[in-house]
1. Quickly run through region 23-59 and pick out the residues that are over 22 Å from Tyr103 (Cα atoms), assigned to a helix (DSSP H, G or I) and at pLDDT 70 or above.
2. Quick one: would you say Ile161 is out of contact with any His (no Cβ under 7 Å at 6 or more places or on another chain) and aliphatic (A, V, I, L, M)?
3. Taking the residues in region 145-186 that are part of a loop (DSSP other than H, G, I, E, B) and either closer than 17 Å to Glu109 by Cβ or among the hydrophobic types (A, V, I, L, M, F, W, C) (or both) as candidates, determine which candidate is modelled with the lowest pLDDT.
4. Among the candidates Asp141, Asp117, which residue alone is of a type outside the set (A, V, I, L, M, F, W, C) and either touching a Gly at 6+ places or on another chain (Cβ under 8 Å) or farther than 28 Å from Lys39 by Cβ (or both)?
5. So which residues in region 115-129 are surrounded by fewer than 16 Cβ atoms within 10 Å (Cβ to Cβ) and either on the phi > 0 side of the Ramachandran plot or part of a helix (DSSP H, G or I) (or both)?
6. State yes or no: is Tyr122 hydroxyl-bearing (Ser, Thr, Tyr), under 15 Å from Phe174 (Cβ atoms) and touching a residue at least 40 places away in the same chain (Cβ under 8 Å)?
7. Pull out all pairs, ordered by first then second residue, where Cβ-Cβ is under 9 Å, the residues are six or more apart or on different chains, the first lies in region 62-77 and is surrounded by 11 or more Cβ atoms within 10 Å (Cβ to Cβ), and the second is among the hydrophobic types (A, V, I, L, M, F, W, C) and in a loop (DSSP other than H, G, I, E, B).
8. Yes or no: Tyr103 closer than 25 Å to Val41 by Cβ, modelled with pLDDT under 85 and of a type in the set (Phe, Trp, Tyr)?
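The values are calculated or read from the model by the stated rules, or taken from the named source; none is laboratory data. No experiment lies behind these values; they were computed from the predicted model shown. Virtual Cβ from ideal backbone geometry, glycine too; neighbours counted across all protein chains shown.
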Amino acid sequence: MLSYSQIVRKDQEREKERKKELYDKIFSCYLTTILARDKEVVAVWLSILQDRCEIYLSKNSDWLDKDNKFIDNITKYLKNISKNAPAKSEDNERNFLVAVTLYCSTKLESRLKKLKDDIEFYGDDEHVKSFKDFFSAKVGDTNNTSTITISGVCKEYYKKIKKAKVESRIPSEFLRHIKKVASYMGGLLS
């Protein structure tokens, strides 16, 4: 029979392992987001080993030279970011952000267009109006806003509505497109 302290220790170990597995899944999702371009689908398998992490990648089309260069760059940035952690390197993180934004720009623009179409289609919905007000308050001039800034505002708004637990009342397509646009900023900052 286990003592109380042994049970607590085992529960703590299980919780630590569960959190690690959850983090691995989230990290894999973010990698998938920043590696997929245009109409591509990317699969990521993350294997955490004793002293390192192995990442296996697959996609639904051939890997091109520019894909390999991008992956090499991202690997370099991620190694530098993790090597310097917890300190932040503004230059390294900015360069990482620019590289991912350029690589994913077509897909992000496509998702942004779908979100804009939803805003027009559901324009009278109270939640769409709420998003427009939130966006205007955060950005001001909506015409000359970078896609990555829009992604960040969508991420903030999505967090806000999740916290308020109102997702079920928001048009599902609109909510899905906010989440997809927000995923780029989520993937870059995690």
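1. Lys25, the sole residue that qualifies.
2. Yes; evaluated as a whole, the condition is true for this residue.
3. Ranking the candidates gives Thr145 first.
4. Asp141
5. Once the filter is applied, which keeps residues that are surrounded by fewer than 16 Cβ atoms within 10 Å (Cβ to Cβ) and either on the phi > 0 side of the Ramachandran plot or part of a helix (DSSP H, G or I) (or both), region 115-129 yields Lys116, Asp117, Glu120, Phe121, Glu126, Lys129.
6. In short, yes.
7. Ile71/Trp63
8. In short, yes.
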